[in-house]
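What follows is a single structure, written as structure tokens, with notes after it.
Laboratory data are not the source of any read-out in this text; all were calculated from the coordinates shown. As the structure is a computational prediction, the values presented were derived from the model and not from experiment. In this analysis, Cβ positions are derived from the backbone assuming ideal geometry, glycine residues included, and neighbour counts consider all displayed protein chains.
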Amino acid sequence: MLHRFADPIRTLLAAKSGLSVSEIRLEKPRDESLGDLAFPCFVLAKAKKAAPPAVAAELATALSDELARQGVEATVTATGPYLNFRIERKALAREVFAAVGAAGSRYGGSDEGAGKTIVIDFSSPNIAKPMHVGHIRSTIIGAALQRLHQALGYRTVGINHIGDWGAQFGGLVVAIRRWKDEVQLEQDPVRGLLELYQRSKQAVETDEAFRAEAIAAYQELESGKEGEVRRLWRWVTEISLRGFDATYRRLGIHHDLVRGESFYEPFLEPTIERVTQSGVTEVSQGALVVMLGEVDKGLKETPCLLRQTNGTTLYATRDLAGMFHRWGEFQFERCLYVVGAEQKLHFRQLKAVLKRMQLEWEPRVEHVDFGLLLGPGRVKLASRKGEVLVLDELIDEVVEEALRVIEAKNPDLPNKQQVAEAVGIGAIVFNDLKRERIRDVIFDKNDILSFEGDTGPYLQYTHARLGAIERKVAERGEGGGAPDWTVLEHSGPILMRLARFPDAVRSAAAHCEPSELSTFLIALARDVSAWLTDNRVLGEAPSTTAARLALVRNARVVLGNGMELLGLAHPSEM
Ligand code: ARG
């Protein structure tokens with residue numbers, strides 16, 4: 001929407017400078033009090049063999065009258081080597097409010113991704129193990145990336161690449177045979193399975209007979225035979241998936257496809273065949289490998305293993321099969337793997353295999369990595385009993401605490417439990433998205449629930465506050481008059497921020513960095529809160545109330561849209 005002002009400015013600049021319009025990029029001024037759009041004169045000065053400030057000053061003079069003559073609603077000043085353009089507040093307000101008003105809940109989005117597909121592999125927990133804190137980040141970041149791309153018009157395909165295959169299932173099947181009556185599989189299937197899984201892992205290490213039985217069971221599973229082993233494997237998978245689904249429902253998360261590693265079983269042999277056909281495989285100590293040093297020097301010592309000496313395939317083989325399959329099905333613009341940084345080597349190897357095969361779509365495969373989720377003092381997060389922390393328990397804990405906070409602040413709130421759920425989950429989600437994803441996240445219940453810090457609840461609170469003002473104005477029947485936009489003369493920075501929201505969305509998606517949007521929203525909430533202390537909406541002249549109300553309403557819409565994209569609910573009261 002800023003192009004309404006930027007385009008004529010660029011045309012004029014081109015005419016006066018001799019540059020072509022496409023060479024003229026208007027930036028965000030470093031200091032917003034200087035202006036709204038800036039043009040750095042360095043390149044031009046170099047071409048003219050003059051000092052940048054002199055060039056800027058000369059252009060400012062030449063442009064000043066021209067802007068007015070052409071009816072461009074902006075003024076220009078030279079500050080050092082920069083030309084700064086300031087858009088007239090009245091015109092800016094008119095354009096911003098019209099754009100937000102017209103698009104409503106879709107403001108911030110576009111259709112630039114139309115016809116393109118983004119595949120997002122996210123969450124991807126492992127069967128028989130509860131979703132742990134390591135999967136939280138993938139779930140939250142992945143879902144945000146999916147919504148961001150959706151808003152930009154892309155077709156998105158969210159895939160849950162469940163860990164449901166591998167030798168560990170041989171051990172698990174044997175553990176079920178031996179010990180299923182010793183654990184509470186009916187009452188607490190998730191914990192019951194975890195216990196069996198942990199016992200099986202230990203038994204495989206220490207008990208020769210157990211190990212032999214486990215290997216035989218896995219071989220039977222891999223053979224595809226429809227027998228007891230496959231039945232048990234399927235049963236375990238179903239129990240786990242049901243547990244994951246409950247958590248996803250709570251978080252409002254949906255995958256378009258649940259395709260575990262086992263889904264790619266029929267494609268493993270064709271995959272190995274294809275890689276071999278391309279001539280990049282070697283046999284090393286009985287195993288089938290792809291050497292990677294020639295495309296990635298750092299991987300000289302770490303070839304990609306496709307088939308082990310004993311004939312079984314690996315996690316990497318299944319991921320490679322998945323990549324081929326996804327490319328075949330979707331011809332994706334990007335295929336994002338939202339997986340922790342500890343799997344960096346794995347994805348680097350897979351990309352190197354694609355490179356060695358000279359597949360032109362290799363750059364479209366991206367490992368969207370992220371740091372750890374740690375407790376205060378950077379310790380590993382554990383449950384209250386000191387066991388593996390289950391995501392559901394973590395959510396419960398934060399929601400309970402949110403309820404306590406709400407009880408203290410607003411005891412008369414009608415639907416406290418529901419609001420506590422929204423606030424608790426909002427706190428967890430925002431905490432996960434508020435810094436660059438590669439940085440570790442510290443999880444401190446009290447910090448993330450603070451209504452004043454850079455938190456989800458702070459955004460929710462600000463959003464609710466704006467909604468409350470709107471309701472009050474309506475209740476009192478104020479703000480009916482024609483808005484007097486001159487009262488927004490000093491509200492330029494907020495208007496500019498609202499205008500730039502679509503850029504923040506686009507950039508966050510392009511960089512797979514939801515934190516760009518979180519930072520944007522926190523800044524907007526801070527601006528608006530400060531603005532509210534100086535700008536009373538209620539009890540003013542109707543034309544003043546009307547203008548300020550418009551700002552409140554539009555800021556609330558933008559804040560709400562941004563929160564939706566990140567995955568934060570916005571209760572109307574809290
Ligand atoms: N299940 C794996 C784990 O928990 C994550 C899978 C990520 N996705 C993938 N395509 N490899 O570590």
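Rounded if a/c is under 1.5, else prolate if a/b is larger than b/c, else oblate: which is the chain, with a ≥ b ≥ c the root eigenvalues of its Cα gyration tensor? Could the numbers behind the result be given before it?
On the way: a/c = 2.98, a/b = 1.58, b/c = 1.89.
Here the chain falls in the oblate category.
Looking at segment 429-508, which GluC sites (Glu not before Pro) are DSSP coil and have at most 14 other C-beta atoms within 10 Å of their C-beta?
Taking segment 429-508 and a limit of 14 other Cβ atoms within 10 Å, the loop GluC sites (Glu not before Pro) found are E436, E452, E489.
Kindly identify segment 286-432 as rounded, prolate or oblate by the Cα gyration tensor criterion: order the square roots of the eigenvalues as a ≥ b ≥ c, call it rounded if a/c is under 1.5, otherwise compare a/b with b/c, prolate if a/b is larger, else oblate.
Taking the square roots of the gyration eigenvalues as a ≥ b ≥ c, segment 286-432 is prolate.
Given a Förster distance of 35 Å, report the FRET efficiency between E475 and N415 from their Cβ-Cβ distance, rounded to the nearest 0.05.
Numbers: r = 21 Å, r/R0 = 0.59.
Using R0 = 35 Å, I get an efficiency of 0.95.
Any idea what % of Cα-Cα pairs in segment 453-574 are farther than 25 Å?
24 percent
Across 5 Å bins from 0, what is the distribution of all Cα-Cα pair distances for segment 476-547, in whole percents?
3, 15, 20, 17, 15, 12, 9, 6, 2, 0
Given R₀ = 56 Å, what would the calculated FRET efficiency be for K344 paired with L538, taking r from the Cβ atoms and rounding to 0.05?
0.55
What translational D, rounded to a whole number of µm²/s, comes out for segment 378-518 from Stokes-Einstein when the hydrodynamic radius is the Kirkwood one over Cα pairs, at 10 °C and 1.306 mPa s?
Numbers: Rh = 17.9 Å.
Translational D for this selection: 89 µm²/s.
With Cβ to Cβ distances under 9 Å as the rule, what net charge do the other residues near H367 carry (K, R +1; D, E -1)?
Values: positive: K344, R348, K351; negative: E366, D369.
The answer is +1.
Do you know the relative contact order of the chain, to the nearest whole percent, from alpha carbon pairs under 8 angstrom that are 6+ apart? List each step's numbers first, then the result.
Values: 914 pairs, mean separation 84.2, N = 574.
With pairs under 8 Å counted, the relative contact order is 15 percent.
For an R0 of 41 angstrom, estimate the FRET efficiency from the Cβ-Cβ distance between A530 and I239 and round to the nearest 0.05.
The value I calculate is 0.20.
Just to confirm the filter: which trypsin sites (Lys or Arg not before Pro) across segment 145-220 are DSSP coil and have at most 16 other Cβ within 10 angstrom of their Cβ?
Sites meeting the loop and neighbour criteria: none at all.
Out of segment 215-260, which trypsin sites (Lys or Arg not before Pro) are coil in DSSP terms and have no more than 13 other C-beta atoms within 10 Å? Kindly include the intermediate steps, with their values, before the conclusion.
Numbers: sites: K225, R230, R231, R234, R242, R249, R250, R259; in loops: K225, R259.
Answer by residue number: K225.
For segment 1-98, what does the alpha-carbon gyration tensor say about shape, rounded, prolate or oblate, given a ≥ b ≥ c as the root eigenvalues, a/c under 1.5 as rounded, and a/b over b/c as prolate?
Here segment 1-98 falls in the prolate category.
Could you list the residues of segment 1-45 with an amide nitrogen less than 19 Å from a label point located 7 Å from the Cα of S110 in the Cα-to-C-beta direction?
The answer is 1-11, 21-29, 37-38, whose backbone nitrogens lie closer than 19 Å to the label point.
Using the Karplus curve 6.51 cos²θ - 1.76 cosθ + 1.60 with θ = phi - 60°, what ³J(HN,Hα) values do you get for each residue of segment 222-239, in whole Hz, with x for Gly and Pro?
5, 6, x, 4, 8, x, 4, 4, 5, 4, 5, 4, 5, 4, 4, 4, 5, 4
Could you order peptides 358-364, 305-311 by the average number of other Cβ atoms within 10 Å of their residues, highest first?
305-311, 358-364
Based on other C-beta atoms within 10 Å, arrange I253, I428 from fewest to most.
Fewest-to-most ranking of I253, I428: I253, I428.
Can you tell me the order of 508-520, 37-49 when each peptide is scored by its average per-residue count of other Cβ atoms within 10 angstrom, highest first? Intermediate values should be presented prior to the final figure.
On the way: 508-520: 21.8, 37-49: 16.9.
Ranking, from highest mean packing down: 508-520, 37-49.
Measuring from a point 7 Å past the Cα of T312 along Cα-to-C-beta, which residues in segment 221-251 have an amide N at less than 13 Å?
Residues passing the 13 Å test: 221-223.
Once fully extended, how much extra length lies between D503 and L19, figured as 0.36 nm per residue of separation less the alpha-carbon to alpha-carbon distance?
Extending this stretch completely gives an extra 171.7 nm.
222 nm [θ] for the chain, helices only, -39500 (n - 2.57) per DSSP H run of 4+, per residue, to 500?
Values: 19 runs with 313 residues, N = 574.
The per-residue figure over the chain is -18000 deg cm²/dmol.
Find how much the distance from I438 to K90 grows on full extension, using 0.36 nm per residue of separation minus their present alpha carbon separation; answer in nm with one decimal.
Working: separation 348, 0.36 × 348 = 125.28 nm, distance 4.14 nm.
Contour length minus Cα-Cα distance gives 121.1 nm.
Kirkwood Rh and Cα-based Rg: tell me the resulting Rg over Rh for segment 234-285, rounded to two decimals.
Rg/Rh: 1.23.
In Å, what is the Rg of the alpha-carbon atoms in segment 38-91, and how long is Dmax?
Expressed in Å, the Cα Rg and Dmax of segment 38-91 come to 11.7, 39.
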